[in-house]
């Protein structure tokens, strides 16, 4: 059952229906574009399915979780440059699933199979990725979205087509034509005519350029009337909570390596009672648990960096705070994301160096990334809230308090905006187990703070809580299932 929508979701749904489900859903980050698509699908279930979602690689699992949780759909997450060779497997993909999720990078070889899917809805997530008409990404999406490509006006392949993006235009009106072409091919069939009318053509020694903008009011009016639903955070603040937490599952790069390491932990825990696991805090076995946790983080590095890149591209003026645990892991992120001029704070960076890093993040427009260790910078840091509203927690601590204190680096006095906290979790790993345990623990702590009476079971959980005992139980149960 889909959760209760906020008032702006309801107003967006009305306009989506008026636009007959062919629209650009241009919502600011954190306003729930994924949920809005699920909400629209739920209210048009008879003809919205099957569903194809094309999205960045780093959010495929997040889309899958949303569609399974909110709609109970059978979801297939595509992977690999080519579809399976087996005819049986291909038929199974099309026959046994109500939604297929695929990333832009592998779309090319999958298009022929997807066009046999007879989808009711096509979703292009972070649709600003198709803005370049000459790119392979645009050509792949055009083949998926439209047919009769050689005709003056193309024909849509799906009844509904929704492009989601917080930034439909990053620099110039010319970038809008490609998205509008996929959504409403009859709106401006001729790209040249659009360019001459709205892009202020300029002659150069190398030919005509269409980098400008003219007739902006006319263009805005047509977009608003025909294709675009625009919601900005400042317009809907009264509907929003002050802080939201989002779990973002990320794929790991080497599942086989992780499973081998996990098997070793499960074998040890199968010989250890949960009570004995309490003593593991000072034992060598705890090192194994910590190593498994670190391995899970390292194996999601590629997807994590892509998520950050996607965030930066979708929010070109925003900054991001990234918090983790292991120094070498965080240093690796700093190197991989060097183009955003990150600063880093950990236990080894103290005194003037620490203050200089904070000052740089708060004052430099080039420096858009603050990378920090939870223990070193999860408390005692002030000022981030004045320049930053978004945080990614990329490694989990052992207690919920560590995370709430870290979140409060942004959610504190001086913050003028809603705060978005993203927990980037390695899917199918110990991080999921820890997140579930800490989430349940946090619910009990919140109840105490809010003054709610606890049940006897909750009181026992509060008094007896030990994360290593809980992990032992979880892994012993996992062994039994296997």
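The values are calculated or read from the model by the stated rules, or taken from the named source; none is laboratory data. As the structure is a computational prediction, the values presented were derived from the model and not from experiment. All Cβ positions, glycine included, derive from the backbone under ideal geometry; neighbour counts span all protein chains shown.
In table form, for the structure just shown:
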{"quantity": "Complete set of residues in the range 319-335 that are farther than 21 Å from residue 375 by Cβ and crowded, with 17+ Cβ neighbours inside 10 Å", "calculated": "319"}
{"quantity": "Residue match in the range 17-26 (condition: surrounded by fewer than 23 Cβ atoms within 10 Å (Cβ to Cβ), free of Cβ contacts under 8 Å to residues at least 40 places away in the same chain and assigned by TED's automatic domain parsing to the domain that holds residue 108)", "calculated": "yes"}
{"quantity": "Unique residue being under 22 Å from residue 247 (Cβ atoms) and touching a helix residue (DSSP H, G or I) at 6+ places or on another chain (Cβ under 8 Å) when the list is 431, 407", "calculated": "431"}
{"quantity": "Residues that are part of a strand (DSSP E or B) and under 16 Å from residue 315 (Cα atoms), drawn from the range 140-180", "calculated": "164"}
{"quantity": "Count of the range 84-139 residues which are surrounded by fewer than 14 Cβ atoms within 10 Å (Cβ to Cβ), without any contact (Cβ under 8 Å) to a residue 24 or more places away in the chain and either assigned to a helix (DSSP H, G or I) or not assigned by TED's automatic domain parsing to the domain that holds residue 173 (or both)", "calculated": "8"}
